[in-house]
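A quick write-up on the structure given underneath.
What follows draws every value from the coordinates through simple rules; no lab data is involved. These numbers come from a predicted model, not from an experiment. Reconstructed Cβ throughout: ideal geometry from the backbone, glycine too, with neighbour counts over all protein chains shown.
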Amino acid sequence: MTSIDVNELTKDHGATRAVDRLTFSVRPGRVTGFLGPNGAGKSTTMRLVLGLDRPTGGTATIGGQAYAALDDPLHRVGALLDAQAAHGSRTARHHLLALAVSNGMGGTRVEQVLEETGLGHVGGRRIKTFSLGMRQRLGIAAALLGDPDVVMLDEPSNGLDPEGIIWIRELMKRLAREGRTVLVSSHLMNETSSFADHLIVLGRGRLLADLPMREFLDSRSRSRVLVRVCMSDTARLEAALTRSGYRAEQGEGGRWTVEGARAHEIGALAATLGLPVLQLMDEQTTLEQAYLDLTAGAAEFGTAASASASASASAIRQEA
C-alpha cells in the first residue's frame, strides 16, 4: 500500500515555524483535500514530502520511504506545485519528452498524456504562449507522465475554464478509484466539496482536522430546519412551534427557521395541525461555512470583512 505518512513534521524558517509537529496519513483509494488559510503551511508540507525542503524535525515518507530514496520516483509520485516552472522557450512536447527520457520512458507516453490533458493539438507550441489554464494542464500532464501511485496537486483548478474544472474533478476521482493516493491542495471550497472524500485542514502550521468529508461537515453543523407555509397560516405555525418548545425565527414570505429541529419533526407537527407545507428542508452546512468556522482564528492575514463573513457563515443556506 502506497500512502503519504507525515510524523511530527516540523519546519522552521528562522524564528518562524511554518510547519508545527504535523502528523497525518494520506491513504490510497480516496481524494484527500488539503485545506488551510494562506500561510497555514500547506505548500511547505508538500515540498517537505517531495524532498524539496529539509525538515527541522520529524519525517515525511511515501510508501515508507523518503522521496529521495525512491527508485524511479516519477513512476511512484507525480506532483504539480507550480504551473509556471516549465521553461517557456520549450514546446510542451519537448518539456515532457525531457522528463520522460530522463526517467527511462519514450515518446509514446508523452503523446498519451498530452491527449489525456487536452493538449495534443498544441504540443508543438512554445510554453510561453500558453494561457494559465494550458500551463496547468501541462503541469498535470507532467504529474501523470510516470503513471504514478501517488499524485500531489497544488491548486490544480487555478486558471482552468468551467470545462477544465469538470475535467480535473473527474480525473482526480478516477485516479482514486484506481487505488491511487491523491492529495489536492485548494482554496476553492465549493470545488473541493465536489471531489474530496477526506479532509486535512491546517492552521498556522498545525493540524486542525483530519476527517472524512461527511464527518467534518457533521462536526461543524447545527440542527436547523427551514419551513415555509402560506402567509395565512404563519400565526398557527408560530403558536405550535412555541408550544412544542422550538425556537423559531420568521423570515419573508411565510418562511421560518427552526433551531434544534429536524425536518421530519416539523413536518409531523404541521401535519397534526393540517397545515399545508410549501417548503421543508434540513439546512446543510457547506464546506465553506465549516471551514471558515474552524479556521476563523488561524488565518495569517485577516480583515474585518473576513471576520464578519466567518461570523455570519451560518446564515448561508444550501438546499439538500
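Points to keep in mind about this one:
- Formal net charge of residues neighbouring Val31 (Cβ-Cβ distance under 13 Å; K, R +1; D, E -1): +3
- Two-site FRET efficiency, Ala98 against Asp293, from Cβ-Cβ distance with R₀ of 30 Å, rounded to 0.05: 0.05
- Estimated FRET transfer efficiency (Gln84, Arg27; beta-carbon r; R0 51 Å; 0.05): 0.95
- The chain: most fluctuating residue of Ser193, Ser157, Ser244 per GNM, C-alpha cutoff 10 Å: Ser244
- Seen from Asp293, the other residues with C-beta closer than 11 Å to its C-beta sum to a net charge of +1, counting Lys and Arg as +1 and Asp and Glu as -1.
- Using θ = phi - 60° in the Karplus curve 6.51 cos²θ - 1.76 cosθ + 1.60, the 3J(HN,Hα) couplings for segment 187-197 round to 9, 8, 5, 4, 5, 4, 5, 7, 10, 7, 8 Hz; x is entered for Gly and Pro.
- Sum of -39500 (n - 2.57) over DSSP H runs of 4+, divided by residues of the chain (222 nm, nearest 500): -10500 deg cm²/dmol
- Rounded D (µm²/s) - the chain, Kirkwood Rh over Cα pairs, Stokes-Einstein at 20 °C, 1.002 mPa s: 97 µm²/s
- Antiparallel bridge percentage (DSSP; both residues within segment 4-218; nearest 5): 55 percent
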